[in-house]
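The values are calculated or read from the model by the stated rules, or taken from the named source; none is laboratory data. This one's a predicted model, so the numbers in the text were calculated from it and none came from an experiment. Glycine gets a Cβ as well: all are built from the backbone with ideal geometry, and neighbour counts include every protein chain shown. In case anyone asks, the SASA skips ligands and DNA or RNA and just uses the protein heavy atoms, side chains included. Shrake-Rupley method; radii C 1.70, N 1.55, O 1.52, S 1.80 Å.
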Amino acid sequence: MINIRKLKVGKTLYWVFADLCAGKDTRKILSHLNRAYPFAQNELYQNVQEALGKDNYKIIAKASDAIESGDAEALGKIMNEAQALFDAKIAPACPEELTSPILHSVMNDPNIQPYIWGVKGVGSQGDGSVQLLARDKACQQALVAYLNDGRKMEAFPFELQAG
């Protein structure tokens, strides 16, 4: 079942999306994650189901509330929480692809910390792409410049306008 809910954005949000210019095998990742369905055969796959099910539902609800209230700082914390959940419950199902050393090096880079509220992987994760929630437009521009020039990645700004 798919539920759709239109959100009103409480405050303009400044995102940066970047190609990590590394690699991942999405088919392999999804093949490993599909082993959790329809029935989890062990604790590893029970964790995958929980993370992609009830845990994800809670994260989406909290993120939706933060977006609507315009609380970028809270949204950033939720992004960090979502990534920690992924690392704890999903990554162990395909560690050869989901250990994601490049993604984690960006997430833990002290040069980006003053500019962000939160950071997490994108999609099936791995070392494909990263999303960062910048504190403001100036921070967004600094992040794009740093990731493009300093880290030799392909970074792009995106604004989710209030309204």
Any hit, the range 100-110, residues being modelled with pLDDT of 95 or more, farther than 30 Å from His32 by Cβ and not basic (Lys, Arg): yes
Selection status of Met107, open to solvent by less than 20 Å² (accessible area, probe 1.4 Å) and within 24 Å of Asn148 (Cα to Cα): no
Residue in the range 8-27 that is basic (Lys, Arg), under 18 Å from Val130 (Cα atoms) and open to solvent by 60 Å² or more (accessible area, probe 1.4 Å) present: yes
Flag for Ala40 being part of a loop (DSSP other than H, G, I, E, B) and either open to solvent by less than 60 Å² (accessible area, probe 1.4 Å) or of a type in the set (Ser, Thr, Tyr) (or both): yes
Verdict on Glu50 being surrounded by 15 or more Cβ atoms within 10 Å (Cβ to Cβ) and not small (Gly, Ala, Ser): yes
Residue satisfying condition, being of a type in the set (Lys, Arg) and closer than 26 Å to Ala142 by Cα, within set Lys77, Lys28: Lys77
Any hit, the range 139-147, residues being free of Cβ contacts under 8 Å to residues at least 40 places away in the same chain, farther than 29 Å from Gly10 by Cβ and surrounded by fewer than 20 Cβ atoms within 10 Å (Cβ to Cβ): no
Residue among Ser105, Ser129 that alone is among the hydroxyl-bearing types (Ser, Thr, Tyr) and touching a residue at least 12 places away in the same chain (Cβ under 8 Å): Ser129
Residue ID - least open to solvent (accessible area, probe 1.4 Å), chosen from residues in the range 113-138 that are more than 15 Å from Lys77 (Cα to Cα) and β-branched (Val, Ile, Thr): Val130
Any helices (runs of 4 or more DSSP H) falling wholly within the range 60-117 and containing at least 1 residues that are under 11 Å from the mean Cα position of the chain (by Cα): 72-85, 101-107
Number of the condition not met by Asp55 [criteria: (1) more than 30 Å from Gln161 (Cα to Cα); (2) within 16 Å of the chain's Cα centre (by Cα); (3) crowded, with 17+ Cβ neighbours inside 10 Å; (4) not small (Gly, Ala, Ser)]: (1)
